[in-house]
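Worksheet for the structure shown next.
The values are calculated or read from the model by the stated rules, or taken from the named source; none is laboratory data. Since the model is a prediction, treat every value here as computed from it, not as a measurement. Note that each Cβ is placed from the backbone with ideal geometry, even for glycine, and that neighbours are counted across all protein chains shown.
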Amino acid sequence: MINYPKSSRGMGLRAVIFIISLILVIASIFYTTKLQDYARLVQGTTLTTDGSVNAVSFSQDGSLTYLGMRDNKVIALDQNGKTIWEFHTDGPILDMKTNGDYLYVSDDSRYVHVLDHNGNQLSSTKVGYRPTTVAGSGDGSRILTGTTMSAMKNRFQLYDSNGEQIYSLDPLNIISDVYYLDDSQHGIFISRNASVVLIDDEGQEAKATKIDYYPVDSDYSKSDDLLIISDEGNHVFAFDTGLNTLWRAKIDQKVNAVGIDPSHNQIYVITHDGIFIIMDYEGEEITRINVTKEIRLLAVNPVNGTVMTIKGDNNLIVYDGSALTGFARNQILLSIFEVVNIILIIIAAIAFINMFPTISRKLFGAVINVLKLLYRHKLSYVLILPTIVLLLIFNYYPAISGLFIAFTDYKPGIYMRWVGTKNFRTMVENPYFWTGVGNMLLFLITDIIKALIPPIFFAELIIAMRSKASQYWTRVALYLPGILPGVAGMLVWKDGILGHNGLINSFLRVVGLGHLATPWLGTEQTAIWALIFIGFPFIGSYIIFYGALIGVPDSLFDAAKIDGCSWWRRIISIDIPLISPQIKYVFVVSFISSVQNFSLVYLTTMGGPGHATYTPILELYYNMTKFQQYGVAAAMGVFLFIVIFGATIMNLRIQTAQDKM
Amino acid sequence: MLKKGKTERFRGFNKGKGVDGPVAQITIAVIMICTIFIVMLPILITISSSLKTNYEAALGVWSLPKTPKWENWGTGMQNIIGNMLNSLIICVISTAGVVFFSSIVAYVLVRHNFPGKELVFYGIIALMIVPGVLTLTPNFLLMMNLGIKNTWWALILPYISGGQVGAIFLFRTFMSQQPVDLFEAAKIDGASDLTMYAKIAIPLAIPVLAIQAVGTFGAYYNDYLWPMLVIDEQSKQTLMPVLRSLTAQISGIYDEQGVTHAMYLLSGIPLIFTTAFGLKYFINGDFAAGLKL
């Protein structure tokens, strides 16, 4: 202990040590919560647009987002997602790029437009072929476009602001992207045959280079003099504006899109599997974040680093740039600070106790005594340690975190947001939830009846047999069906017994009641009763009741007999009260397993026909697997837990009430 | 007087008649024979269907195979053996783990005195009121976060951990009934703690250990939902979750309905062994005395 008290020291010093450690604790906890806030921002916000987005660009000051739509228009949105202006064209937007105050737009009606940030049309130029990609200079004087007619008819063209063509070249292949450099003297095009070519304003090739495979996506940052291109071999190449290769990086997954964030000096790569990879300007991977699949387009606001991605057709997901940057660093820092917090709190606590010398001496003495005591019983602790550790990790932690997750929106490894009772509302608002609860209760009541009445009856019948040998062989015979696994048994019941050509239907046909034959599990009215019928004649836990009845002293039976008590009467008034501990046990066990019975419905009807046999546990399963709504799934777990807990409590109350009597 | 007369009458009625009388006994016998037949029916149907040709199967459930088609069993076995071995390995390890750790903890809880013993015991027992459905989602997420999802660890570790709760409770009840004198005598003779555990406590507890082992093995072998959630690849999966899809897969290849039923039937082979092994301990229902709430 660092601050072990020495009584001669003054009170002042101890108080100072305590206050310093307290300040450290508060500062550290404060910083930890800030780090956690960052992690929460990584989730992204979703915007849904009216139509499909083909291209995204940003205004020079970063305040406007331009969306090039498939339905013939350009929309400018402000930071809040409000539409500021729209610009209509005659064809779907093919490409857009901003340079300076100018927005260069190409559309499928073979026009390239130059707009200012207010959406005013400065010029429109008709180009010969479809302008699949466009770029321009920062002063609005040059428009560069890659156009195509067919695989063999492609052009790389430069226009001035009056729409006069300066040059037109045949790039020999379809151009996938063009950029106009900030020196206002050069353009770059990337073509489908993996060429990257630098052309000066006279149309002369200044430099050409190759990448490994067909290009997938590219981005250019004029402020950082950086061009990055990804190819189908999952490489990312970085060039300067002289087309000198700076580096190349191999990504272990299929790359969908790349983007440069000049405000954070980072490069973003999004993969087919929905992994967001952050790299620095040297091509070193900083971190990766699991976002969402199906992102096909990525654009970075050069001013604030906001990342705009497009998922599927028209789902815009916006990620906060600084949050993405902070994420990686924060994840490491967060885990460090969580440990630091605990250490600091312990130090502060020791420092606090240290302020009171008499108490601290006693307390530290006591702690040492406890430690000595624990050491003396070390063998006991060592022996139970594995069990305790396993139970803490795999039982206690899930039980407690389950109660917590039910109130959060949880995406594993990405974020966890507190949402209050929203998950429970989602659960209850599901139109089939109450149908499910109704079915669950029906199953529950019938399961308990099935678990108690027939098994007790059969146990009594076995006991009533006079021959011990036949008692034995009956028990053995009833025990044997256990060799068929539950799943197999269920499938046999489903097809062999309740199926269309199953036992019951063929029996009905044989006795001439063929018109009653029906696919029992496939008919809405009969399905749930057919499921309840599975397992007939429900011998269940007969062996438990048999064992309990054997334990009843013979003298009681004899006395009952002498008193002229009939068999039925004896069962009701003597046997059942005597085996009530076992009845309670079977009641609770069958209650718990009934609520949790998943395979019965999943293997047979999957909740159908319609929703006739839908149960909450089935919905829980779908929330976990299909929808990955872990919060809602956990909420359903909590709901079912409360139902089960109710039974346990009820049972305990009956028991205590009986004990008092 | 009237009361006495009534009693007399009933006494006489009960001697040779009543439930011990021949009529009642025959009735019981008939009921039990019918019950046994119905209870056995799913297995009988499975056995008979598994030996049929497609033509015989089309004749209906009642028809019997003329010449048993044993090839169905061979084909069926070939198709389930891989997943069955997975199941066996996982269940044997898990069952052994449950019985081993639980018996040690139960022994420590009964024979040792140490600070916090009550806390440990109630801490374990408290888990009995936590149903699997509450921990299902968080446990699944835990497997993901530990990076053991889609590995056997995701089955074995939770199985060993969760199985201990009930087992410790059962073993503790049983071991606390073992005579103290035995242990004291052994201590005087210089036996160490672990020797007493291995040489006295365990041998005396064999029946209850066997019951627990058979029950645990059966429960994990039959488990359906958890493996389906945490194991993604069919080659790593246990048998029960894939039984239905295995039968669906092969029905396209062999076009033999009998094979499907053979697979259902043969999937129970490990349970035949545990049933045979457990029969001796289960059949008298002696364990029922310990099952109280």
*Could you please find all residues in the stretch A:560-573 being within 12 Å of chain B (Cβ to nearest Cβ) and either free of Cβ contacts under 8 Å to residues at least 12 places away in the same chain or over 17 Å from B:Ala24 (Cα atoms) (or both)?*
A:Ala560, A:Lys561, A:Ile562, A:Asp563, A:Gly564, A:Cys565, A:Ser566, A:Trp568, A:Arg569
*Identify all residues within the stretch B:78-91 that are over 21 Å from the mean Cα position of the chain (by Cα) and crowded, with 17+ Cβ neighbours inside 10 Å; write none if there are none.*
B:Asn79
*Scan (1) touching a strand residue (DSSP E or B) at 6+ places or on another chain (Cβ under 6 Å); (2) on the phi > 0 side of the Ramachandran plot for the single condition A:Leu172 breaks and write down its number.*
(1)
_Test result for A:Tyr220, in a strand (DSSP E or B) and among the hydroxyl-bearing types (Ser, Thr, Tyr)_ = yes
*Does the stretch B:251-269 include one or more residues that are without any contact (Cβ under 8 Å) to a residue 12 or more places away in the chain and under 17 Å from the mean Cα position of the chain (by Cα)?*
yes
_Residue satisfying condition, being within 30 Å of A:Thr287 (Cα to Cα) and of a type in the set (D, E, K, R), within set A:Lys411, A:Lys372_ = A:Lys411
*Given (1) of a type in the set (Ser, Thr, Tyr); (2) at pLDDT 90 or above; (3) outside the structural domain of B:Ile206 (by TED's automatic domain parsing), index of the condition B:Thr67 fails*: (2)
*Select from the stretch A:165-186 the residues that are in a strand (DSSP E or B) and under 44 Å from the mean Cα position of the chain (by Cα) and write down the one among them that is surrounded by the most Cβ atoms within 10 Å (Cβ to Cβ).*
A:Val178
*asked:* If the requirement is being closer than 26 Å to B:Cys34 by Cβ and either at the interface with chain B (Cβ under 9 Å from one of its Cβ atoms) or outside any helix (DSSP H, G or I) (or both), which of these qualifies: A:Phe404, A:Phe458, A:Phe394?
replied: A:Phe458
*For the stretch A:373-393, what are the residues that are within 19 Å of B:Ser103 (Cβ to Cβ) and not β-branched (Val, Ile, Thr)?*
A:Leu379, A:Ser380, A:Tyr381, A:Leu383, A:Leu385, A:Pro386, A:Leu390, A:Leu391
*B:Phe100 passes all but one of (1) within 9 Å of chain A (Cβ to nearest Cβ); (2) under 24 Å from B:Ala198 (Cα atoms); (3) free of Cβ contacts under 8 Å to residues at least 12 places away in the same chain; which number fails?*
(1)
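So that you can scan it fast, the table gives a plain yes or no per residue for (1) under 29 Å from the mean Cα position of the chain (by Cα); (2) surrounded by fewer than 17 Cβ atoms within 10 Å (Cβ to Cβ):
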| residue | (1), (2) |
| --- | --- |
| A:Phe404 | yes, yes |
| A:Thr435 | yes, no |
| A:Asn439 | yes, no |
| A:Leu442 | no, yes |
*Please enumerate the residues belonging to the stretch A:231-247 that are surrounded by 17 or more Cβ atoms within 10 Å (Cβ to Cβ), touching a residue at least 24 places away in the same chain (Cβ under 8 Å) and out of contact with any Pro (no Cβ under 7 Å at 6 or more places or on another chain).*
A:His235, A:Val236, A:Phe237, A:Ala238, A:Phe239, A:Thr241
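The rows are residues; the columns are (1) outside the structural domain of A:Phe356 (by TED's automatic domain parsing); (2) in contact (Cβ under 8 Å) with a residue 12 or more places away in the chain.
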| residue | (1), (2) |
| --- | --- |
| A:Met11 | no, yes |
| A:Phe30 | no, no |
| A:Gln79 | yes, yes |
| A:Leu103 | yes, yes |
| A:Ser106 | yes, yes |
*Within the stretch A:140-149, identify whether any single residue is within 22 Å of A:Thr241 (Cα to Cα), modelled with pLDDT under 85 and in contact with a Gly (Cβ under 8 Å, 6 or more places away or on another chain), and answer yes or no.*
yes
*Could you tell me whether any residue of the stretch A:469-478 is out of contact with any strand residue (DSSP E or B) (no Cβ under 8 Å at 6 or more places or on another chain), buried (at least 17 other Cβ atoms within 10 Å of the Cβ) and among the aromatic types (Phe, Trp, Tyr)?*
no
*Residues in the stretch A:88-104: is at least one surrounded by fewer than 18 Cβ atoms within 10 Å (Cβ to Cβ), at pLDDT 85 or above and hydroxyl-bearing (Ser, Thr, Tyr)?*
no
*Pick from the stretch B:139-154, criterion touching a residue at least 40 places away in the same chain (Cβ under 8 Å), assigned to a helix (DSSP H, G or I) and more than 8 Å from every other protein chain (Cβ to nearest Cβ), ranking: nearest to B:Ala167 (Cα to Cα)*: B:Ala154
*Unique residue being acidic (Asp, Glu), out of contact with any strand residue (DSSP E or B) (no Cβ under 9 Å at 6 or more places or on another chain) and away from every other protein chain (no Cβ under 11 Å) when the list is B:Asp193, B:Asp181*: B:Asp181
*Assuming A:Phe538 fulfils every condition listed in (1) within 7 Å of chain B (Cβ to nearest Cβ); (2) crowded, with 16+ Cβ neighbours inside 10 Å apart from one, which condition is it?*
(1)
*Are any residues in the stretch A:102-155 over 22 Å from A:Ser221 (Cα atoms), part of a loop (DSSP other than H, G, I, E, B) and more than 42 Å from the chain's Cα centre (by Cα), and if so, which ones?*
A:Ser109, A:Arg110, A:Asn120, A:Val127, A:Gly128, A:Tyr129, A:Met149, A:Ser150, A:Ala151, A:Met152, A:Lys153
*Could you grab me the full set of residues in the stretch A:572-618 that are among the β-branched types (Val, Ile, Thr) and either in contact with a Phe, Trp or Tyr (Cβ under 7 Å, 6 or more places away or on another chain) or buried (at least 18 other Cβ atoms within 10 Å of the Cβ) (or both)?*
A:Ile579, A:Ile583, A:Val586, A:Val588, A:Ile592, A:Val595, A:Val601, A:Thr604, A:Thr605, A:Thr613, A:Thr615, A:Ile617
*asked:* When you scan the stretch A:192-214, do you find a residue that is modelled with pLDDT of 85 or more and under 16 Å from A:Lys97 (Cβ atoms), even just one?
replied: no
_Yes or no: the stretch B:213-223 includes at least one residue that is closer than 30 Å to A:Gln628 by Cα, within 13 Å of chain A (Cβ to nearest Cβ) and at pLDDT below 90._
no
*Among the residues of the stretch B:115-138, write down those that are in contact with a Phe, Trp or Tyr (Cβ under 7 Å, 6 or more places away or on another chain) and within 8 Å of chain A (Cβ to nearest Cβ).*
B:Ile129, B:Pro131, B:Val133, B:Leu134, B:Thr137
*When you go through (1) in contact with a Ser or Thr (Cβ under 9 Å, 6 or more places away or on another chain); (2) crowded, with 20+ Cβ neighbours inside 10 Å; (3) of a type outside the set (Gly, Ala, Ser) one by one for B:Phe174, which number turns out not to apply?*
(1)
